[in-house]
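Each reported figure results from applying straightforward, stated rules to the coordinates on display, with no laboratory input. Note that the structure is a prediction, hence the values are computed from the model and not measured. Cβ placement follows ideal geometry from the backbone for every residue including glycine, while neighbour counts extend to all protein chains displayed.
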Amino acid sequence: MSCRRRIYFTSKQKSEIWDRWQRGKSMISIGRLFDRDSSSIYPLLLRTGGIRPAERRRSRLELTLVEREVISRGIAGCRSIRTIARELSRPASTISREIERNGSCGQYRAIAADDQAWDRALRPKLCKLALNKHLQRVISDKITIHGPPEQMVD
């Protein structure tokens, strides 16, 4: 018996699934539309409890692609971070962090930075402990030395 490959729905397909679900269509009929079992539709609907998720949109405080292009051109023109910041009416620290976060002065590209920012905005995020191996070791060592938190004395 061969297994089917995992199906990944495009944004357009997800939208079609939600439209049909809201019109009262069954998961079986929606699955037939994509030549899949209802079991491939169920996880998509389950993630939000059967309620269509809100469209993703950027915060008005986030740097725009146009602002990132200005940063990119400023770097290429050997202008200072403060000059670029004044032009954008943003704090210099914002521009500095943006550049460092996206490849430093030598590799900064506006479109790549914009795509990465969109990806970083996804939720839920992993906690710092899951991402930081050094922090995991430190905490593990402290628990080993002192025992569980209930046994620790101040």
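Net charge around ALA110, counting only other residues with Cβ within less than 9 Å of its Cβ (Lys, Arg = +1; Asp, Glu = -1)?
After counting each charged neighbour, the total is 0.
I want to check the label-to-label distance for ARG56 and SER39. Put each point 7 Å from Cα in the C-beta direction and report it in nm to one decimal.
2.8
Report P(r) for segment 60-131: all Cα-Cα distances, bin width 10 Å, range 0 to the bin holding the largest distance, values in whole percent.
19, 52, 22, 8
Measuring from label point to label point, each 7 Å out along Cα→Cβ, what is the LEU126 to SER89 span in nm?
Spacing of the two 7 Å Cα→Cβ label points: 4.0 nm.
Which residues does the label zone of THR144 cover in segment 86-130, counting backbone N under 20 Å from a point 7 Å along Cα→Cβ?
Residues 129-130 fall inside that zone.
May I ask you to evaluate 6.51 cos²θ - 1.76 cosθ + 1.60, the Karplus curve with θ = phi - 60°, for each residue of segment 133-140 and list the ³J(HN,Hα) values in order in whole Hz, giving x for glycine and proline?
5, 4, 4, 4, 5, 4, 5, 4
Starting from the Cα-Cα distance between ARG32 and GLN136, subtract it from 0.36 nm times their residue separation and give me the gain in nm to one decimal.
Between ARG32 and GLN136, full extension yields an extra 32.8 nm.
Run the count for the chain, please: Lys pairs, Cα-Cα under 26 angstrom, 8 or more apart or on different chains.
Taking the Cα cut-off of 26 Å, the pair count is 8.
Per Stokes-Einstein, at 10 °C and 1.306 mPa s, what whole-number D in µm² s⁻¹ belongs to the chain, with the Kirkwood radius over Cα pairs as the hydrodynamic radius?
78
Name the trypsin sites (Lys or Arg not before Pro) in segment 87-151 that are in a loop by DSSP and that have at most 14 other C-beta atoms within 10 Å, would you?
Those satisfying the criteria are LYS125.
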